[in-house]
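One structure is given here, and the rest of the page talks about it.
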Amino acid sequence: MKKGKSSTLLAAMCLFVLSLIISGCGKNTASTEASSNGYPKMTIKFAHVVAEDDPKGQMAEKFKEVVEDKSDGNITVKVYPNGQLYGDDNELQALQSNNVQIIAPQTTKLAGFDESMELFDIPFLFKDEDNLYEFEDSEIGKDLLKKLEGDGIKGLAFWPNGFKHITNSEREIKEPSDLKGLKIRTHGGEILNDSYKQFGAASTKIAFNDVYQALQLGTIDGQENNLTNIKSQSYDEVQGYLSLTNHTRTEYGLVANKGWWDDLNDQTKKLLSDAVDEATKKGRELAKKESEEALKEIEAAGKMKVHKMTEEEHDKFVQILQPVIDKWSKKMDPEIIENILDMQK
Ligand code: LMR
């Protein structure tokens, strides 16, 4: 080939590759080009770590359904469950880099940005779902989500799951002293570390999607989680005992990349906020019901011995955890804690 022809061909190929790169780059972010109905053509990536049919998976699907329907298909929401795209170890960084636009980690996983996000781990803080939702809907609850904004994170909502319980492979846990010497996986955080110290147990943080294997290999003796996760992760295949301790909650912080969010037009922000509200409503309707259902299925499978705490046993847990409750209630923003306790009067 003559030199002139080959350089023209080379230039054409370079232009083609460049156009592919530019169009590919635009995929993560909202296009400024609005479609005829005012919504940009865009794809939102939403990553989470649990199963599709868990409450969080179902809320994510509801969000997708509402957004795609109301935007007449201009906006596509691609949901990646089970840590397929990002997991505990890398999802926050991916969010801040806008490689994923929305995630919904358990709130303590956001405590590196603001330690108040860990408050859901204060033992026995919330009496029941009504108390929890009243707090989350209050101005103080909403302000808690706003605390993340300095770190480039837009808090969209709290999403519910359930109260947490302890499973292990060694023995039935009826009272705190039964936990002595056990190594228990948590989702991390100082409050849970303090709690397990009180029990004379060791706690260790392991990414959610690695827990089953750690239990199977015996790297850890047990873990704490809500009933839908215990069920959907098939922990009963590798754990002989479940104790219904109800000691803390699994709540999620539904969060978006703030720069991406801020660039959306008002109409799109409203659509996404409405979809979040619908998904949250669905979550609140199903979370408690799904926990009860999961427990029934675990019991029916009969692989794990389930222990329901008597009042006396429960009181022993409250008693041993009182120093942790007192310490962290003082350490957290006192206004937040007072607000939650006031709602219980
Ligand atoms: C965990 O890490 O134990 C859970 O909070 C995971 C989840 O998102 O439910």
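Suppose we filter 269, 288, 258, 281 for residues that are in contact with a Gly (Cβ under 6 Å, 6 or more places away or on another chain) and either open to solvent by 10 Å² or more (accessible area, probe 1.4 Å) or closer than 27 Å to residue 121 by Cβ (or both); which single one remains? None of the other options fit; the residue is 258. Any residue at all in the stretch 226-244 that is within 23 Å of residue 323 (Cα to Cα), surrounded by fewer than 17 Cβ atoms within 10 Å (Cβ to Cβ), away from the ligand (no atom under 14 Å from the Cβ) and at pLDDT 95 or above? No, the stretch 226-244 has no match at all.
Within the stretch 64-111, restricting attention to residues that are within 18 Å of residue 41 (Cβ to Cβ) and among the charged types (D, E, K, R), the residue that is farthest from the chain's Cα centre (by Cα) is 72. Listed by first and then second residue, the pairs with beta-carbon distance under 7 Å, at least 6 apart or on different chains, first residue in the stretch 244-267 and over 18 Å from residue 101 (Cβ atoms) and of a type in the set (Lys, Arg), second at pLDDT 95 or above and within 15 Å of the ligand (Cβ to nearest atom), are 249/120; 249/163; 249/164.
In the stretch 293-305, the qualifying residues are those that are touching a residue at least 24 places away in the same chain (Cβ under 8 Å) and open to solvent by 40 Å² or more (accessible area, probe 1.4 Å), and the one that is farthest from residue 172 (Cα to Cα) is 297. Being of a type outside the set (Asp, Glu) and out of contact with any helix residue (DSSP H, G or I) (no Cβ under 9 Å at 6 or more places or on another chain) is a description that applies to residue 193. Note on the stretch 204-214: residues that are away from the ligand (no atom under 12 Å from the Cβ) and either surrounded by 21 or more Cβ atoms within 10 Å (Cβ to Cβ) or assigned to a strand (DSSP E or B) (or both) amount to 1. Here residue 196 clears all of (1) away from the ligand (no atom under 15 Å from the Cβ); (2) open to solvent by less than 10 Å² (accessible area, probe 1.4 Å); (3) without any contact (Cβ under 8 Å) to a residue 24 or more places away in the chain except the condition numbered (1).
How about the stretch 140-191: which of its residues are among the basic types (Lys, Arg), without any contact (Cβ under 8 Å) to a residue 40 or more places away in the chain and open to solvent by 10 Å² or more (accessible area, probe 1.4 Å)? Reasoning before the result, please.
Narrowing the stretch 140-191 to residues among the basic types (Lys, Arg): 142, 146-147, 154, 164, 171, 174, 180, 183, 185.
Right, trim to without any contact (Cβ under 8 Å) to a residue 40 or more places away in the chain and you get 142, 146-147, 180, 183, 185.
Those that are among the basic types (Lys, Arg), without any contact (Cβ under 8 Å) to a residue 40 or more places away in the chain and open to solvent by 10 Å² or more (accessible area, probe 1.4 Å): 142, 146, 147, 180, 183.
In this entry, residue 114 passes the filter for residues that are open to solvent by less than 50 Å² (accessible area, probe 1.4 Å) and of a type outside the set (S, T, N, Q).
Per the conditions (1) within 24 Å of residue 185 (Cα to Cα); (2) more than 14 Å from the ligand (Cβ to nearest atom); (3) at pLDDT 95 or above, the sole criterion not satisfied by residue 97 is (1).
The values are calculated or read from the model by the stated rules, or taken from the named source; none is laboratory data. As the structure is a computational prediction, the values presented were derived from the model and not from experiment. All Cβ positions, even for glycine, are placed from backbone atoms using ideal geometry, and neighbour counts span all protein chains on display. Calculation scope for accessible area: heavy atoms of the full protein, side chains included, ligands and nucleic acids excluded. Shrake-Rupley method; radii C 1.70, N 1.55, O 1.52, S 1.80 Å.
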